[in-house]
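Asker: Just passing along the structure, written as structure tokens.
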Amino acid sequence: MLISKIKKLSLNETSGWRLVCVLAGIFFVLVSIFALHRFYSFYASYDQALFDQLFWNTIHGRFFQGSLSSGQSSAVIADGQIHKVFYNHLGQHFVIDFILWLPIYALFPTGATLVILQVALMTAGGLVLYATSRHYLPTNIAVLIVAAYFSANTVIGPTLANFYEYCQIPLFVFSMLWAFAKRKWSLFWLFVALTLGIREDIGITLFGFGLYLIYTRRHARVGIALCLVSFAYVSLITNQVMELFSNDNSRLYLKGIFGKFAPGNDSPSTLQILWGMITHPVEVFKSVFIPFDRRVRYMLNHWLPLLFIPVISPTAWITISPPLLVLLIQERKLALGVNIRYALTVMPGIYYGAIIWWSQNQNKFNASVQRWWIRCIVLSLIITVISSPNRAFYYLIPESFNPWVYTALTRQWQHVGHIRTLMNNINPSASVSTTTYLLPHLATRRKIVRLPHIQIQNDLKQIEYVEFILADVWRDLRYQKSFQDERTDLVNFASLVDRFINEYKYGIVDIQDDVILLQKQLISQPNVLSKWAKLRAELQK
């Protein structure tokens, strides 16, 4: 029914908004269901827990602190230090816009709130995209652009991922573009400020739009101002403000991701990385184009739902050039993943480029073009489901074909029941160390770390052992045939538990369905030790 309505070339303003609201409603409801199911069936992972703890600490007056965030710091990763409960995340990423959503989280302080918040922000971004499109385009084309947005792999994938600050990008950037289209300059600069507040490096995305405004010459002054503000903000925040909290941004991220442009520098600044790029043009060229096939596949995912129009849109290429360049030159393959957050830095420019191209070529839109566009939208949706972004459809699509790794829905929820039973033994305020996929369900506490870490530095700066250890090795046992890391982790974990028991540091509370709970200074009962002997034998095969 929706497709038949979209196929009608004549849509008035009222019917256009009604159709877009229906599309947004379908997107919100379905993606919320799939995202919540992914969360509650224990497929959310580390970042979901990290941000949940940040929000939880902040509403309790400990702004942006988190022991899980500490686990991602250079002090822990590079120097082997103990996790700190008072570590401030702003040294890693400057995410001050989180303050906007604290009232919502304070009402419902749980990880599921962040899941719904992410879906809601992405949905709202689509509605603002339609308002922006309607300023330039007739209703029928604007509706198709929004339909492309809600069916894009680069939108659905990141929305089904762990909560991350990037989910604010579509709403704030499209709002900025809407304000620009309406020449509402106070709102324009307000949304520029909100966009910059998403994260310290989002100014790179805004810089691309500034370049476009300079290119058009009609608003060159605004473009120059936007470029200067964006550049100044990124430089000031990364080189001065964040250093007040820690040197993690320069030491961990800039060095780890762009270190080839600043060889020999353990803590490069953004300006040093930029100078390294300027003085190493050959290295930049190779990073941009090699491997070429992977870069083409990445862009095809962006272009497909928009009928490949951004390929021939100068606006799209100009606006996406700065953030796309940053993704291409990174030393990690994760940057070009279409199902994760980084795709959202490029996505607004892609859609704005399509809007501007159609505004200049409306005569090329006809029934045949519309049919092909709808086919591309449907194909994009099919590809998205088949790719099972972030394992959201693990019960439909096998996680591995060779060897075969598939989890039936009923089996997963049976396993969830065993996990919940053991979790009920953990006091809400107790310190915990647990495996990756259990972290999001235990994150609303002051002291939590990821196994194999079992020590934590408290608010008095004293080092203590966690009170509980909860480990789910069921998933690793299933994956061990596919991945060497899982096999190694299983053997190491078995040795770790043996050492705990032999040294009387921890005792086993219970074992259910390959999930084991240990408590500090507990004497293990003989029947539980018998369960452990069977599980250990399986782990050490």
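The values are calculated or read from the model by the stated rules, or taken from the named source; none is laboratory data. None of the values given here were measured: they were computed from a predicted structure. Cβ: placed from backbone, ideal geometry, glycine included. Neighbour counts: every protein chain shown.
Asker: One residue is enough: does the range 360-371 have a residue meeting the conditions closer than 25 Å to residue 173 by Cα and in a helix (DSSP H, G or I)?
Answerer: Yes, that holds for at least one residue.
Asker: Given 372, 317, 357, which one is over 22 Å from residue 213 (Cα atoms) and of a type outside the set (A, V, I, L, M)?
Answerer: Unique residue meeting the criteria: 372.
Asker: A follow-up question, please. Given the residues 74, 45, which is the only one that is touching a residue at least 40 places away in the same chain (Cβ under 8 Å), closer than 30 Å to residue 395 by Cα and hydroxyl-bearing (Ser, Thr, Tyr)? Break it down stepwise before answering.
Answerer: Values: 74 fails: closer than 30 Å to residue 395 by Cα.
After applying the criteria, what remains is 45.
Asker: Find the helices (runs of 4 or more DSSP H) located wholly in the range 109-174 whose residues include 2 or more that are modelled with pLDDT under 95 and touching a Leu at 6+ places or on another chain (Cβ under 6 Å), and list them. Reasoning before the result, please.
Answerer: On the way: elements: 111-136, 139-151, 153-159.
Where helices (runs of 4 or more DSSP H) fall fully within the range 109-174 and carry at least 2 residues being modelled with pLDDT under 95 and touching a Leu at 6+ places or on another chain (Cβ under 6 Å), they are 139-151.
Asker: From (1) surrounded by fewer than 18 Cβ atoms within 10 Å (Cβ to Cβ); (2) closer than 17 Å to residue 198 by Cα; (3) charged (D, E, K, R), pick out the condition that doesn't hold for residue 97.
Answerer: Among (1) surrounded by fewer than 18 Cβ atoms within 10 Å (Cβ to Cβ); (2) closer than 17 Å to residue 198 by Cα; (3) charged (D, E, K, R), the lone unmet condition for residue 97 is (1).
Asker: Something else: Inside the range 24-46, can you point out the residues that are in a helix (DSSP H, G or I) and at pLDDT below 95?
Answerer: Selection gives 46 alone.
Asker: Please enumerate the residues belonging to the range 247-285 that are farther than 23 Å from residue 195 by Cα, touching a Ser or Thr at 6+ places or on another chain (Cβ under 7 Å) and polar (S, T, N, Q).
Answerer: Within the range 247-285, 247, 267 qualify.
Asker: Restricted to the range 178-207, and to residues that are over 15 Å from residue 225 (Cα atoms) and in contact (Cβ under 8 Å) with a residue 60 or more places away in the chain, which residue is surrounded by the fewest Cβ atoms within 10 Å (Cβ to Cβ)?
Answerer: Step by step, filter the range 178-207, then rank; the result is 194.
Asker: Take the range 304-355 and flag every residue that is among the polar types (S, T, N, Q), touching a Pro at 6+ places or on another chain (Cβ under 7 Å) and under 17 Å from residue 288 (Cβ atoms).
Answerer: 345
Asker: Please find, among 355, 320, the residue that is over 23 Å from residue 261 (Cβ atoms), surrounded by 20 or more Cβ atoms within 10 Å (Cβ to Cβ) and of a type outside the set (S, T, N, Q).
Answerer: The unique qualifying residue is 355.
Asker: Go through the range 15-62 residue by residue and tally those that are within 14 Å of residue 123 (Cβ to Cβ) and among the aliphatic types (A, V, I, L, M).
Answerer: Number of matching residues: 10.
Asker: Okay, next question. Tell me which of these residue 216 doesn't satisfy, since it passes every other one: (1) among the β-branched types (Val, Ile, Thr); (2) under 24 Å from the mean Cα position of the chain (by Cα); (3) at pLDDT below 95.
Answerer: (2)
Asker: Can you spot a residue in the range 142-154 that is surrounded by 24 or more Cβ atoms within 10 Å (Cβ to Cβ), under 12 Å from the mean Cα position of the chain (by Cα) and in the same structural domain as residue 197 (by TED's automatic domain parsing)?
Answerer: Checked against the condition, which is being surrounded by 24 or more Cβ atoms within 10 Å (Cβ to Cβ), under 12 Å from the mean Cα position of the chain (by Cα) and in the same structural domain as residue 197 (by TED's automatic domain parsing), the range 142-154 yields at least one hit.
Asker: Does residue 509 meet the test of being of a type outside the set (Asp, Glu), in contact (Cβ under 8 Å) with a residue 12 or more places away in the chain and either over 19 Å from residue 452 (Cα atoms) or not in a strand (DSSP E or B) (or both)?
Answerer: The answer is no for residue 509.
Asker: Quick one: in the range 1-23, which of the residues that are among the hydroxyl-bearing types (Ser, Thr, Tyr), part of a helix (DSSP H, G or I) and modelled with pLDDT of 55 or more is farthest from residue 367 (Cα to Cα)?
Answerer: Here the residue is 14.
Asker: Which ranges mark the helices (runs of 4 or more DSSP H) fully within the range 257-357 that have 1 or more residues being at pLDDT 90 or above and under 18 Å from residue 145 (Cα atoms)?
Answerer: 292-303, 314-328
Asker: Within the range 220-243, identify whether any single residue is out of contact with any helix residue (DSSP H, G or I) (no Cβ under 7 Å at 6 or more places or on another chain) and assigned to a loop (DSSP other than H, G, I, E, B), and answer yes or no.
Answerer: No, every residue in the range 220-243 fails to be out of contact with any helix residue (DSSP H, G or I) (no Cβ under 7 Å at 6 or more places or on another chain) and assigned to a loop (DSSP other than H, G, I, E, B).
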